[in-house]
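Trainee: Can you keep this structure in mind? I'll have questions shortly.
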Amino acid sequence: MLAMLTSVTCQKGDLAGNLSRHHRLVKAGADEGCDLVLFPEMSLTGYCARAAVSLASPAVAELAAATLDGPAVCFGLVERAGSGGPPYITQLVAERGHIVGVHRKEHLGEGEDGDFRAGPGAGVVEVAGLACSIAICAEIGTPPPYDQPASVVLAPAAPGLYGERRRTDHDWRRGFSWWRGRVVRDAARLLRTGQVLALSTQAGATDDEDFPGWAALVGPGGDVVTALPDWRQGHLVVPL
């Protein structure tokens, strides 16, 4: 399977703008002959609980429809809970025009408990004939995604950078180095023989938060097989 791993800015609440960016990258993935395009955590809605949408949203249907004649897509959103209350952090897999996998983040990250609710993971999702599990951001450092009978762990993420806003390349480099080091350490600790971690991270500045970026393919032992060089937006085409 050939996959495109993305590192993109996902503005908070900008459903139309984010959807347009998804379409451009899905087309780019199709032009590259990809079977899958992986987007970051909350890529469609941005990292904003107030931007929650339901799975019946026209934007979700539109993006799923884009896979009819193109690659499968794994994308993220804030999902409105049908029962009210805090929303889920959800990653969807669409293929051949339909949603074929729904993973609601089970292991919430630091500070997410108040704004979001934990949900059931998807287990194994078959994408283009390949068994995949999903680890959303904080879940990259937990055993369940690696305990699944899957050869690929899809890792969409949106790790916000704390402290003052990034103003210089030095500031961005520090945030990026922190994130890269964390991913590599988690992969070294948890990846099993025959598994790889496919990472896609939100990148750049939103209205009130910065994200460190990075798309990478990481193997057992934390070996970085291939990756984008820094925190800036971009995409990477890799065989899985």
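All of the numbers you see were taken from the coordinates with simple rules; none came from a lab. A quick note: this is a predicted structure, and the numbers were derived from the prediction, not measured. Neighbour counts are summed over all protein chains in view; Cβ atoms, including those assigned to glycine, are modelled from backbone coordinates with ideal geometry.
Trainee: Given a 10 angstrom Cα cut-off, can you work out which residue in V152, V125, V37 is the most mobile in a GNM of the chain?
Mentor: Checking each option, the largest mean-square fluctuation is seen for V125.
Trainee: Residues with beta-carbon under 12 Å from that of P212, excluding P212: net charge, scoring Lys, Arg +1 and Asp, Glu -1? Can you show the working numbers first?
Mentor: Numbers: positive: R166, R173, R174, R180, R182, R232; negative: D171, E209, D210, D230.
With Lys, Arg at +1 and Asp, Glu at -1, the neighbours total +2.
Trainee: Mind listing the phi-derived Karplus ³J(HN,Hα) values for region 14-21, rounded to whole Hz, using 6.51, -1.76 and 1.60 with θ = phi - 60°, and x for any glycine or proline?
Mentor: Those phi angles translate into 8, 4, 5, x, 5, 4, 4, 5 Hz.
Trainee: Between region 5-24 and region 98-158, what's the alpha-carbon centroid distance in Å?
Mentor: Taking the Cα centre of region 98-158 as reference, the centre of region 5-24 is 20 Å away.
Trainee: Another question about this same structure. For A65, put the label point 7 Å out on the Cα→Cβ axis and report which residues of region 98-129 keep their amide N under 14 Å from it.
Mentor: 98-99
Trainee: Kirkwood hydrodynamic radius, region 121-175, all distinct C-alpha pairs: what's the number in Å? Don't skip to the answer; put the middle values down first.
Mentor: Numbers: mean 1/r = 0.0763 Å⁻¹.
About 13.1 Å for region 121-175.
Trainee: Applying 1/(1 + (r/R0)^6) with R0 = 41 Å to the Cβ-Cβ distance of L2 and E110, what FRET efficiency is obtained, to the nearest 0.05?
Mentor: Working: r = 35 Å, r/R0 = 0.84.
According to the calculation, E is roughly 0.75.
Trainee: Once every DSSP H run of n ≥ 4 in the chain is given -39500 (n - 2.57) and the sum is divided by its residues, what mean residue ellipticity at 222 nm do you get, rounded to the nearest 500 deg cm²/dmol? Don't skip to the end; give the middle numbers.
Mentor: On the way: 4 runs with 51 residues, N = 240.
Rounded to the nearest 500, it is -6500 deg cm²/dmol.
Trainee: Scan the chain and hand back the longest stretch that contains none of the GluC sites (Glu not before Pro) lying in DSSP loops with at most 11 other Cβ atoms within 10 Å. Could the numbers behind the result be given before it?
Mentor: Details: sites that count: E110, E164.
Result for the longest clean stretch: 1-109.
Trainee: Quick one: Debye curve from the C-alpha atoms of the chain, no solvent, what's log10 I(q)/I(0) at q = 0.11, 0.14 Å⁻¹?
Mentor: -0.48, -0.81
Trainee: Now, a different point. Working out 0.36 nm times the residue gap between R173 and S83, then minus their Cα-Cα distance, what length gain in nm do you get to one decimal? List each step's numbers first, then the result.
Mentor: On the way: separation 90, 0.36 × 90 = 32.40 nm, distance 4.16 nm.
Taking 0.36 nm per residue and subtracting the Cα distance, the gain is 28.2 nm.
Trainee: Let me ask you something else. Once the principal axes of the Cα atoms of region 64-125 are found, what is the range along each, listed largest first in whole angstroms?
Mentor: 40, 22, 16
Trainee: What does the charge add up to near R182, with Lys and Arg as +1, Asp and Glu as -1, over the other residues with Cβ less than 14 Å from its Cβ? Working shown, then result.
Mentor: Numbers: positive: R174, R180, R185, R189; negative: E110, E139, D186.
Here the charged neighbours net out to +1.
Trainee: Here's something else I'd like to know. So how far, in whole Å, is the C-alpha centre of region 172-188 from the one of region 215-240?
Mentor: 12
Trainee: Over all directions, the average projected area of the alpha-carbon convex hull for region 178-240 comes to how many nm²?
Mentor: Approximately 4.4 nm², given one-decimal rounding.
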